[in-house]
1. So Lys171 ticks every box in (1) farther than 27 Å from Leu274 by Cα; (2) loosely packed, with under 14 Cβ neighbours inside 10 Å; (3) under 21 Å from the mean Cα position of the chain (by Cα) but one. Which box is left unticked?
2. Which number in (1) surrounded by fewer than 11 Cβ atoms within 10 Å (Cβ to Cβ); (2) in contact (Cβ under 8 Å) with a residue 24 or more places away in the chain marks the one condition that Asp266 misses?
3. For segment 31-47, what are the residues that are more than 12 Å from the ligand (Cβ to nearest atom) and part of a loop (DSSP other than H, G, I, E, B)?
4. Testing Thr294 on (1) away from the ligand (no atom under 13 Å from the Cβ); (2) outside the structural domain of Ser32 (by TED's automatic domain parsing); (3) assigned to a loop (DSSP other than H, G, I, E, B), one condition comes back false. Which one is that?
5. I'd like the residue in segment 48-89 that is of a type outside the set (D, E, K, R) and under 15 Å from Tyr295 (Cβ atoms) and, out of all such residues, is farthest from the ligand (Cβ to nearest atom).
6. Residues of segment 221-246 being part of a loop (DSSP other than H, G, I, E, B) and touching a helix residue (DSSP H, G or I) at 6+ places or on another chain (Cβ under 8 Å), which ones?
7. Given (1) more than 30 Å from Asn70 (Cβ to Cβ); (2) more than 15 Å from the ligand (Cβ to nearest atom); (3) at pLDDT 90 or above, where does Ala211 come up short, assuming only one miss?
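The values are calculated or read from the model by the stated rules, or taken from the named source; none is laboratory data. Just so it is clear, the model here is predicted, and its values are computed rather than measured. Please note: Cβ atoms are built from the backbone with ideal geometry, for glycine as well, and neighbour counts cover all protein chains shown.
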Amino acid sequence: MKIGILGAGISGLSIARLLNNQYDVEILEKASIHGGIARTRDVNGIAYHTIGGHCFNSKHKDVLDFVFDNILPITEWNRIKRKSRIKFHNYEIDYPIEFSIRQIFENDKDLAQRITVDFFKAIDNGTYDNLKDWFLKKFGDTLAYEYFIPYNKKIWNRLPEEMDYSWVEDKLPVPNQESFFRGLINKSEDNMAHFEFYYPKSNNQNTFIDALAKDIIIHYNYEIESVNYNQISKKWHINNDKIYDIIINTTPINRFIATISNVPIDVQEAAKKLKVNGISNVLWKTKDTDKTWTYLPDSKYLFHRYIHIGSFSDRPTGMQYLKL
Ligand SMILES: Cc1cc2nc3c(=O)[nH]c(=O)nc-3n(C[C@H](O)[C@H](O)[C@H](O)COP(=O)(O)OP(=O)(O)OC[C@H]3O[C@@H](n4cnc5c(N)ncnc54)[C@H](O)[C@@H]3O)c2cc1C
């Protein structure tokens, strides 16, 4: 069976590696290199994440085993404990904010008290209208309005009341009343999702990406422009050129739909409505730091995060990334 994978980003490369032993697999990629948005670009010897810093982690053991046993051995990775901070008003506190109320108290007693009172006053009845409602019911009014709502408005470029909440439940540390209270009286440990992560010892994410692409047939500079399914031969034809029994698409769905013949109008219209946000990054050199990244919820800053990629490696480089 011949399988055509469309796109050689992390998804396409991973699928290809998983299928490569059993099937005849190849990837079609429009760029001249694999890796998609996770790939770094060399800037004067520095691995620059042009689309934002990328690190590796998974809560799924089979994913970790797949990577460490088959792609890049664990000895080639640094295991890094997250030390992230939040630039909050005119001071810095530890992430996650809900366990740093003591630090807020040291800077602004009134705000810390309002956050605490509102947290315990919030009524979480388990039903939420949207993401804003979820923040209000999980964290109380003050924390929601001071941090979660402005920060999410900034990163998604959309009002949280216009967004669904289901995706966030697994991603954010959410305290219950007991853990919030513990955070008030003790220094809480950050052991939430992604409190540790992996970054290649080479100090370049491309080491992982290139290892993933090993032994895969990739046709570079090959842009998918048309996709047709032949009902008689039961085969997929790409650009009236390449023929496959199965295709797996990993290219952006909003543009991919337009390349397929005979797509129902409502599906075409729905694909056109998918919202896409662009990302800009700036790379510059700063003083060394042991911080991993810093969040900036305040709307007065255009950018929303600094990533201190230089501190992900044994070789401190002092390079930081400012994501706009
Ligand atoms: C700022 C930011 C930070 C992130 N940080 C992390 C992180 O730390 N850890 C993590 O696990 N994930 C992170 N992610 C998510 C991660 O980047 C993505 O989930 C992943 O890279 C997506 O890979 P992909 O292969 O699905 O898509 P892509 O990387 O977009 O790959 C799609 C490929 O398809 C190709 N293509 C597009 N159109 C065509 C066409 N017409 N013909 C042929 N080829 C085409 C593209 O050139 C590209 O190579 C982050 C995302 C962002 C935006």
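1. Condition (1) is where Lys171 drops out.
2. Of the numbered conditions (1) surrounded by fewer than 11 Cβ atoms within 10 Å (Cβ to Cβ); (2) in contact (Cβ under 8 Å) with a residue 24 or more places away in the chain, the odd one out for Asp266 is (2).
3. Within segment 31-47, Asn44, Gly45 meet the criteria.
4. (3)
5. Going residue by residue through segment 48-89, those that are of a type outside the set (D, E, K, R) are 48-58, 60, 63-64, 66-68, 70-75, 77-78, 80, 84, 86, 88-89.
Subsequent filtering for residues that are under 15 Å from Tyr295 (Cβ atoms) retains 52-53, 84, 86, 88-89.
Numbers: Gly52: 2, Gly53: 6, Ser84: 12, Ile86: 18, Phe88: 21, His89: 25 Å.
If we take residues in segment 48-89 being of a type outside the set (D, E, K, R) and under 15 Å from Tyr295 (Cβ atoms), then His89 is farthest from the ligand (Cβ to nearest atom).
6. Keep residues of segment 221-246 that are part of a loop (DSSP other than H, G, I, E, B), which gives 221-226, 231-234, 239-241, 245.
Result: Ile224, Glu225, Ser226.
7. (1)
Here is a yes/no grid of residues against (1) farther than 19 Å from Ser14 by Cβ; (2) in a helix (DSSP H, G or I):
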| residue | (1), (2) |
| --- | --- |
| Arg158 | yes, no |
| Glu178 | yes, yes |
| Ser202 | yes, no |
| Ile248 | no, no |
| Ile257 | yes, yes |
